[in-house]
């Protein structure tokens with residue numbers, strides 16, 4: 001079950017990244033063209049928010065039940081976790097970074113949902129862009145020390 005949740009969590013990461021990039025470009029275009037929020041903008045942002053919340057929920061389950069989160073803190077103590085960059089990343093940094101990103105995505109979606117005004121594109125654009133930057137910094141990519149041994153896609 002743990003491996004299945006890790007694979008789901010990893011696959012959903014790509015869904016979020018694709019939807020975030022689409023949403024960022026749509027809001028940038030809307031901001032530049034001063035067009036009102038469209039139904040398609042709202043739909044993309046909704047799917048983005050649902051994907052982000054689902055991924056965060058799966059990640060939270062992994063953090064609580066898996067070997068890299070709560071169990072690491074219970075075993076090593078908070079001081080021991082904070083001294084090791086890999087354990088600190090998975091037990092603290094990844095969780096906090098993704099929580100902030102989900103909050104930003106939810107706030108961006110909230111602005112878009114409440115108004116069709118063209119000015120909302122700017123708010124959504126910046127919130128989604130900051131969320132993208134935080135996500136890119138908080139993912140254990142294979143080229144990072146914390147992602148060593150991991151693959152780009154699960155099961156590869």
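Couple of notes before you dig in:
- Only one entry in 12, 57, 5 is modelled with pLDDT under 95 and either more than 27 Å from residue 115 (Cβ to Cβ) or surrounded by fewer than 18 Cβ atoms within 10 Å (Cβ to Cβ) (or both), namely 5.
- In region 60-80, residue surrounded by the most Cβ atoms within 10 Å (Cβ to Cβ) [restricted to those that are outside any helix (DSSP H, G or I) and in contact with a helix residue (DSSP H, G or I) (Cβ under 8 Å, 6 or more places away or on another chain)]: 69
- There is no residue in region 30-41 that is without any contact (Cβ under 8 Å) to a residue 60 or more places away in the chain, in a helix (DSSP H, G or I), under 30 Å from residue 2 (Cα atoms) and out of contact with any strand residue (DSSP E or B) (no Cβ under 8 Å at 6 or more places or on another chain).
- From the options 124, 118, 131, residue that is within 21 Å of residue 30 (Cα to Cα), surrounded by fewer than 16 Cβ atoms within 10 Å (Cβ to Cβ) and in contact with a helix residue (DSSP H, G or I) (Cβ under 7 Å, 6 or more places away or on another chain): 118
- The requirement of being surrounded by fewer than 19 Cβ atoms within 10 Å (Cβ to Cβ) and in a loop (DSSP other than H, G, I, E, B) is satisfied by residue 151.
- Members of region 94-139 that are in contact (Cβ under 8 Å) with a residue 24 or more places away in the chain and assigned to a loop (DSSP other than H, G, I, E, B): 115, 116, 117, 118, 139
The values are calculated or read from the model by the stated rules, or taken from the named source; none is laboratory data. What you see is a predicted model, and the numbers here were worked out from it, not measured in a lab. Every residue, glycine as well, gets a Cβ built from its backbone with ideal geometry; the counts of neighbours run over all protein chains shown.
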